[in-house]
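Visitor: Quick one: the structure is below, and I'll ask about it shortly.
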Amino acid sequence: MKMLYRAKSASGICLVTDAIAGAGLPDGSRFSVYGDERVVKDGVCLLADRSALAGSASRMIDLVRTLVHDVGVSLCEAIMMATKNPAQTIGLKSKGRLEIGTDADLVVLSPDWDVLRTFVAGQEIFAR
C-alpha cells in the first residue's frame, strides 16, 4: 500500500470495499446471505465450509483507518480517497464534497475512529 501511495499519490487512489452483511463482525461470526451460511475469518467473509471467498468484511472506516495508521497517509488524504476521488471518478457531482447544492452525506467519527452518526442527504440514518 505504501508503494501504491508513493506511485499514485492521494489524488490517484479510490478506496472501495465489496463489504457484505458480515462487515464489521468479529472473527468467527456466522451470518446468512440469501439462505447461504457465511463466516467471518481474518477480516474476510467465507462460505461456511471455508471453501471460497464470499466478500469482504472491511468497512470503509476500516480502510481509512489502515491508510492513516499503517501507511502514514494524513486523515484528510484518506478521507479524500474514500469520498471525493470515487465520486469524481464516476462523475457524481453531488457526492464526495460538502458544498451548497451537494447531497450532505457525512459521517461523524469519535476520536477512536468509531462511526457515531451517519447522515445521507442531510438526514440521520444511523446513531450509536
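Visitor: Working carefully through the options 115, 108, find the one that is of a type in the set (A, V, I, L, M) and surrounded by 15 or more Cβ atoms within 10 Å (Cβ to Cβ).
Guide: Working: 108 fails: surrounded by 15 or more Cβ atoms within 10 Å (Cβ to Cβ).
Only one candidate qualifies: 115.
Conditions (1) in contact with an Asp or Glu (Cβ under 9 Å, 6 or more places away or on another chain); (2) farther than 29 Å from residue 120 by Cα; (3) not small (Gly, Ala, Ser), marked per residue:
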| position | (1), (2), (3) |
| --- | --- |
| 9 | yes, no, no |
| 14 | no, no, yes |
| 46 | no, yes, yes |
| 54 | yes, no, no |
| 74 | no, no, no |
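Visitor: In the stretch 105-128, which residues are among the small types (Gly, Ala, Ser) and either over 20 Å from residue 25 (Cα atoms) or part of a loop (DSSP other than H, G, I, E, B) (or both)?
Guide: Of the residues in the stretch 105-128, the ones among the small types (Gly, Ala, Ser) are 110, 121-122, 127.
110, 121, 122 - these are the residues of the stretch 105-128 that are among the small types (Gly, Ala, Ser) and either over 20 Å from residue 25 (Cα atoms) or part of a loop (DSSP other than H, G, I, E, B) (or both).
Visitor: Looking only at the stretch 41-65, count how many residues are among the β-branched types (Val, Ile, Thr) and within 16 Å of residue 83 (Cβ to Cβ).
Guide: So the answer is 2.
Visitor: Hey, among 45, 14, which residue is in contact with a helix residue (DSSP H, G or I) (Cβ under 8 Å, 6 or more places away or on another chain) and more than 24 Å from residue 112 (Cβ to Cβ)?
Guide: On the way: 45 fails: in contact with a helix residue (DSSP H, G or I) (Cβ under 8 Å, 6 or more places away or on another chain).
Checking each option against the conditions leaves just 14.
Visitor: From the residues in the stretch 73-93 that are among the hydrophobic types (A, V, I, L, M, F, W, C) and in contact (Cβ under 8 Å) with a residue 24 or more places away in the chain, which one is farthest from residue 14 (Cα to Cα)? Even if it seems obvious, please write down each step before you answer.
Guide: Filtering the stretch 73-93 down to residues among the hydrophobic types (A, V, I, L, M, F, W, C) leaves 73, 75-76, 78-82, 87, 90, 92.
Applying the additional criterion that residues be in contact (Cβ under 8 Å) with a residue 24 or more places away in the chain yields 73, 78, 80-82.
On the way: 73: 13, 78: 9, 80: 8, 81: 5, 82: 6 Å.
Applying the filter and picking the extreme gives 73.
Visitor: Kindly list, by first and then second residue, each pair from a residue in the stretch 37-66 that is in contact (Cβ under 8 Å) with a residue 40 or more places away in the chain and within 28 Å of residue 10 (Cβ to Cβ) to a residue that is in a helix (DSSP H, G or I) and among the aromatic types (Phe, Trp, Tyr), limited to pairs with Cβ atoms under 8 Å and residues at least 6 apart or on different chains.
Guide: The qualifying pairs do not exist here.
Visitor: Scan the stretch 81-104 residue by residue and report those that are surrounded by 13 or more Cβ atoms within 10 Å (Cβ to Cβ), of a type in the set (Gly, Ala, Ser) and assigned to a loop (DSSP other than H, G, I, E, B).
Guide: 94, 96, 104
Visitor: Let me ask something else. If I filter the stretch 101-118 down to residues being within 15 Å of the chain's Cα centre (by Cα) and of a type in the set (A, V, I, L, M, F, W, C), which single residue comes out as farthest from residue 79 (Cα to Cα)?
Guide: 116
Visitor: Considering only residues that are touching a Gly at 6+ places or on another chain (Cβ under 6 Å) and of a type outside the set (A, V, I, L, M), which ones fall in the stretch 10-37?
Guide: 18, 31
The numbers here are math on the coordinates, done by the rules we state, and not lab data. None of the values given here were measured: they were computed from a predicted structure. Neighbour counts run over all protein chains shown; Cβ positions are idealised from the backbone, glycine included.
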